[in-house]
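J.: Provided herewith is a single structure, encoded as structure tokens, for subsequent inquiry.
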Amino acid sequence: MAIPNAFATGRSPNRSVVCVTTGILGMLTAEELEGVLAHELAHVAHRDVLVMTLAASAGILAGLLTRGAQLGGMVRGRNNNNGAAAAFMLTLVVSLVVYAVSFLLIRLLSRYRELSADRAGAYLTMRPAALGSALQKISGGMAAIPERDLRGTQAMNAFFITPAVKGLGLRTLTATHPPLEQRLAQLARIQTELGRAG
């Protein structure tokens, strides 16, 4: 696809794949692409897909409980059992709270995993500035794409190195990636640290 991005997927290093779009290949220099690939390989090494899948299990379980409570409420509702209605409501409320908390915690964990992959990629290549430059180019490339063209890729946001989302507000709270400014600031600190060590 022409959208400039990259992602890693797979539950273990032996069963993982790192993908780059054709859009990113024509946009980045060799050093920038190396930084992006190092970031994605860090996700593989840290088993981030497995970590995020396990973290999402609480939300999935809460969704299943909600669905079970709905079905149980329908069956018991025919008997006009007030105890069943109260149990249904309690299960529904608890499940919704667990789902909401799980949703926000998964987003926080995802942002942390992205920062960790940036950090690991920067140390792996010893060129944090190249990764920072790549992130700026990819973000700029994503910003230039019309919103309607990004909608088809939004389901992949958690996997992309830079999400296919525009705007701030509530989206920032529920974002799967930290703000570009935060990522660039971290990479700049690493660049300074490496400059002092060298």
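The values are calculated or read from the model by the stated rules, or taken from the named source; none is laboratory data. Keep in mind that what you see is a predicted model, and the values were worked out from it rather than measured. Cβ placement follows ideal geometry from the backbone for every residue including glycine, while neighbour counts extend to all protein chains displayed. Surface areas here come from the heavy atoms of the whole protein model, side chains and all, with no ligands, DNA or RNA. Shrake-Rupley method; radii C 1.70, N 1.55, O 1.52, S 1.80 Å.
J.: Given a 1.4 Å probe and heavy atoms of the protein chains only, how would you sort VAL101, VAL20, largest accessible area at the top?
T.: Output order, biggest surface exposure first: VAL101, VAL20.
J.: What residues have an amide H closer than 5 Å to that of THR176, excluding those fewer than 5 places away on the same chain, when H is modeled at 1.01 Å from N in the peptide plane?
T.: Here nothing satisfies the definition.
J.: Would you list ARG107, ARG189 from the most to the least accessible area, probe 1.4 Å?
T.: Result of the area sort, largest leading: ARG189, ARG107.
J.: Next question, about the same structure. Give the shape of region 13-74 as rounded, prolate or oblate, defined through the alpha-carbon gyration tensor: a ≥ b ≥ c are the square roots of its eigenvalues, a/c under 1.5 means rounded, and otherwise the shape is prolate if a/b is larger than b/c and oblate if not.
T.: Since a/c reaches 1.5 and a/b is larger than b/c, the shape of region 13-74 is classed as prolate.
J.: Take SER12, project a point 7 Å from its Cα along the Cβ direction, then tell me which residues of region 38-59 have their backbone nitrogen under 13 Å from it.
T.: Output list for this probe position: 47, 50.
J.: A further question follows. Need one number: nm distance between label points at PHE103 and LEU194, each 7 Å from Cα along Cα→Cβ, rounded to one decimal.
T.: It is 3.8 nm.
J.: Oh, and also: Enumerate the amide H contacts of ILE161 below 5 Å, restricted to partners 5 or more residues apart or on another chain; note that Pro and chain-start residues carry no placed amide H.
T.: ALA6
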